[in-house]
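Have a look at the structure below, then the notes.
No value in this document is a laboratory result; all are computed from the given coordinates. Since we're looking at a predicted model, the values are computed, not measured. Reconstructed Cβ throughout: ideal geometry from the backbone, glycine too, with neighbour counts over all protein chains shown.
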Number of protein chains: 2
Amino acid sequence: MAADWLDEVRWNADGLVPAIAQDAASGRVLTLAWMNREALACTRATGHAHYWSRSRQALWQKGERSGHRQAVREIRIDCDADAVLVVVEQTGGIACHTGHARCFFRRLEADGWREDEPVLRDPRTIYGD
Amino acid sequence: MAADWLDEVRWNADGLVPAIAQDAASGRVLTLAWMNREALACTRATGHAHYWSRSRQALWQKGERSGHRQAVREIRIDCDADAVLVVVEQTGGIACHTGHARCFFRRLEADGWREDEPVLRDPRTIYGD
């Protein structure tokens with residue numbers, strides 16, 4: 001496949017697009033992360049989600065330290081080509097570095113943002129630090 | 001409720017956060033749009049999704065022209081408070097201005113991005129222009 005599918009993406013001024021990861025089994029929205037051209041190309045080529053870490057300024061394979069990789073079932077793009085949706089099989093059932101199943105574990109309640117989903121695994125045992 | 005829940009959001013340099021809309025009934029990811037502080041406050045206050053249009057630089061109630069409003073079931077925030085997830089009931093079953101059910105109607109196939117979801121309604125009949 002030619003690389004022009006990558007040229008169709010409307011990268012922002014930093015060369016990034018927001019990428020939503022959705023769990024293929026449960027349908028739950030797991031994470032919102034960012035991809036640059038290389039991350040999206042690697043996601044496609046390897047079948048595992050890769051992102052661009054804005055804080056570390058580095059390409060990163062999801063799960064490279066935790067083992068909580070994301071096997072990609074499908075990759076989608078939106079109408080104006082500036083957002084990506086990846087449907088994934090989440091290894092270990094944990095997408096968030098906090099040990100929650102997903103990053104969206106807080107809900108807006110009457111008194112503010114409140115956790116309503118449990119920590120499934122102590123993050124210290126995930127990362128060993 | 002005090003406004004400090006709005007202060008907990010990590011707005012970007014433009015005062016925005018990406019906001020994912022997910023259909024409450026089907027679980028499908030409908031759109032990725034952007035909210036500023038006012039949009040998120042209005043979403044909470046009215047129970048209908050409001051966004052910030054980066055192209056028009058204006059607050060916008062989803063469906064204000066099309067009638068395809070989004071009634072909010074829940075509002076979530078991610079671990080580092082820089083992305084929002086709104087779970088919605090999508091009026092008319094159409095979230096995209098193109099007349100598709102959702103904006104993510106293109107999938108990456110062997111030969112590039114390909115539409116694999118239908119136009120449900122001619123957009124000229126949605127907007128009357």
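Net charge of the neighbourhood of B:Ala25, taken over other residues with C-beta under 13 Å away and scored Lys/Arg +1, Asp/Glu -1, is +1.
If a/c stays under 1.5 just call it rounded; otherwise compare a/b with b/c (prolate if a/b is bigger, oblate if not). Do that for the protein assembly as shown, with a ≥ b ≥ c from the square roots of the Cα gyration tensor eigenvalues. In terms of gyration-tensor shape, oblate.
B:His100 sits among other residues whose Cβ lies under 14 Å from its own Cβ, and their net charge, with Lys and Arg +1 and Asp and Glu -1, is 0.
The rotation axis bringing chain A onto chain B passes closest to the chain A residue reported with its distance as A:Gly27, 2, by C-beta distance in whole Å.
For segment B:14-66, compute Rh as the Kirkwood radius over C-alpha pairs and then the Stokes-Einstein diffusion coefficient at 4 °C and 1.567 mPa s; write the answer in µm²/s, rounded to an integer. For these conditions, the coefficient is 113 µm²/s. For A:Ala3, the label point sits 7 Å beyond Cα toward Cβ; its separations from the matching points on the remaining copies run 4.7 nm, from shortest to longest.
Tell me the angle of helix B:37-46 to the major Cα principal axis of chain B, expressed in degrees between 0 and 90 and rounded to the nearest ten. The angle comes out at about 80 degrees.
Is the shape of chain A rounded, prolate or oblate, going by the alpha carbon gyration tensor and its root eigenvalues a ≥ b ≥ c, with a/c under 1.5 for rounded and a/b larger than b/c for prolate? Taking the square roots of the gyration eigenvalues as a ≥ b ≥ c, chain A is prolate. Between A:Leu85, A:Leu108, A:Leu16, the Gaussian network model of chain A with springs among Cα atoms under 10 angstrom shows the greatest mean-square fluctuation at A:Leu108.
Based on alpha-carbon centroids, what's the gap between segment B:46-88 and segment A:59-86 in Å, whole number please? Using only Cα atoms, the two centres lie 23 Å from each other. Estimated purely from DSSP H runs of n ≥ 4, each contributing -39500 (n - 2.57), the mean residue ellipticity at 222 nm for the protein assembly as shown is -3500 deg cm²/dmol once divided by its residues. Please report the net charge: other residues with Cβ closer than 11 Å to the Cβ of A:Arg54, K and R +1, D and E -1. Neighbourhood net charge equals -2.
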